[in-house]
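Reviewing the structure listed below.
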Amino acid sequence: MLNKKNIILSACVLAMSGTANAGYEYKVSDTDSITFGGYIKADVRYVDGNIAASNYWYGSGAVLEESASNINLSVNETRFNTKYVHGDVMGFIEMDFYGDAVKGGGNEIISNSSNPRLRHAFIKYKDVLVGQTWTTFQNTSSLAEAADFGGPLVASAFIRQGQVRYTIGGLQLAIENPESFGGQSGNDKVPDFIAKYTFKGDWGNVSISGLARQLQTKGGDSESGFGYGIAGRVKTIGKDDFRFQLHTGNVGRYVGVAAATDLVGEEVEESTAIMVAYRHFWTDDIRSSVFYGNITTDLSDRDRSHWGVNIFKNYTKELSFGLELGNFEMEEQDADSDYVQFSTKYVF
């Protein structure tokens, strides 16, 4: 019989060799376990328009003088994770390969290598979480299912950062890493405060969240910022569901990824973002989503949107193929690009 050390060693060897089943749990004892998970995702992406091509639309982009076309084959979204459980203590680590912003760290001439990037690293003890993971302001279940990573991120709450979070029932309270995007971030000295309450039932879930921050301007002043949001995922007919997000106030970097800054000059930016998505199951193994997201800002007068429609088919429980077409637009710069993306995904 294998002892504890040998079980752990065997699990690590299997995971490193790529033969471990994803989400496969190795029971070390009655209270200890190690779980390996993740997926491999290969994308073929064609972009045409006057916003430069990227691996996915992240709320912004380089505007070209003339429209151009680009095709790219990549596997950067591929990720792996490990969960360690010891009684009431759980540790989780996850990495992907978007190590150099959204472009990867590779050389397309020779190697096409990509740098690994830390996504999550946190410890959870009973009702307390410490480390880096999704912001408490975000409802991850409300994100649209899409081939383009994250779907309409231009209008979605979407941040991973360091935090200390306490959960009691449907209520979550957190202090999170401050960052004055567009200001003097090096002088941030007060953490962001976030509260969220999630209502859950057989019908799905809806969360209401609030955000309070102290932002540092480039001129050395401190400005207060407050943001609000409601998001959810509601079951409809059969296996179908409707997903939505609405955020407003001084949400800045918390919503839209790079679509809006926290500060414009010496003033706090105000944003309004809405995202809707509907997922329909044609059969048990074929489904489609149609989604739309839009964000507008007051001071910088940004107006950006992203829509898409897709179809996915599962050939096995772990293997799926998807096709998506859509458009990303930055109206304030009279720029937009269409895209078509084919994705293959194998979940461990």
Requested in this report: List every residue whose amide H lies under 5 Å from the amide H of G183, counting only residues 5 or more places away in sequence or on a different chain, with H placed 1.01 Å from N in the peptide plane.
Outcome: L263
Query raised in the report: Can you give me the Cα centroid spacing of the stretch 131-163 and the stretch 258-307 in angstrom?
Result: 12
**Report entry** Potential lengthening between V290 and V128 on full extension [0.36 nm per residue; Cα-Cα distance subtracted]
**Finding:** 54.7 nm
Report task. Could you size up the charge dipole of the stretch 126-207 around its Cα centre, putting +1 on the beta carbon of Lys and Arg and -1 on that of Asp and Glu, and report it in debye to the nearest 20? Result -> 240
Query raised in the report: When only the heavy atoms of the protein chains count and the probe is 1.4 Å, how do S156, S67 rank by accessible area, highest first?
Result: S67, S156
Requested in this report: Go through the stretch 194-241 and name the trypsin sites (Lys or Arg not before Pro) that are in a DSSP coil and have 15 or fewer other Cβ atoms within 10 Å of their Cβ.
Outcome: K218, K239
Query raised in the report: Which of V290, F312, M330 sits farthest toward the positive end of the charge dipole of the stretch 243-348, with +1 on the Cβ of Lys and Arg and -1 on the Cβ of Asp and Glu?
Result: F312
Query raised in the report: Across all directions of projection, what mean area in square nanometres is found for the Cα convex hull of the chain?
Result: 19.4
**Report entry** Electrostatic dipole magnitude of the stretch 195-287 [Cβ: Lys, Arg +1; Asp, Glu -1; Cα centre; debye, to 20]
**Finding:** 460
Report summary line: Output for the stretch 212-281 (equivalent-ellipsoid semi-axes, sqrt of 5λ from the C-alpha gyration tensor, Å, descending) is 34, 10, 7
Report summary line: Rounded to a whole %, the carbon-and-sulfur portion of the accessible area of the chain at a 1.4 Å probe is 58
Report task. Taking the Cα centre of the chain as origin, sum charge times position over the Cβ atoms of Lys and Arg (+1) and Asp and Glu (-1), and report the length of that vector in debye to the nearest 20. Result -> 1860
Report task. Calculate, for V75 and E25, the FRET efficiency according to 1/(1 + (r/R0)^6) with r their C-beta to C-beta distance and R0 35 Å; round to the nearest 0.05. Result -> 0.85
Requested in this report: Please go through the residue pairs K126/K196; K27/K345; K200/K239; K41/K124; K83/K239 and name each one whose alpha carbons sit more than 20 Å apart in this structure.
Outcome: K27/K345; K41/K124; K83/K239
Query - Protection proxy ranking of 51-63, 280-292 - average other beta-carbon atoms within 10 Å, highest first - result: 51-63, 280-292
Query - 1.4 Å probe accessible area per residue over the chain, in Å² - result: 49
Query - Sites matching trypsin sites (Lys or Arg not before Pro) across the stretch 86-158 that sit in DSSP coil, with at most 12 neighbouring C-beta atoms within 10 Å - result: K126
**Report entry** Sum of -39500 (n - 2.57) over DSSP H runs of 4+, divided by residues of the chain (222 nm, nearest 500)
**Finding:** -1500 deg cm²/dmol
Query raised in the report: If r is the Cβ-Cβ distance from N115 to L171 and R0 is 35 Å, what FRET efficiency results, to the nearest 0.05?
Result: 0.40
**Report entry** Gain on full stretching of the segment that runs from L246 to N187 - 0.36 nm per residue minus C-alpha separation
**Finding:** 18.2 nm
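The values are calculated or read from the model by the stated rules, or taken from the named source; none is laboratory data. All of these numbers come straight from a predicted model, not from anything done at the bench. So basically every Cβ, Gly included, is an ideal-geometry build from the backbone, and we count neighbours across all protein chains shown. Accessible surface areas use protein heavy atoms only, side chains included; no ligands, DNA or RNA. Shrake-Rupley method; radii C 1.70, N 1.55, O 1.52, S 1.80 Å.
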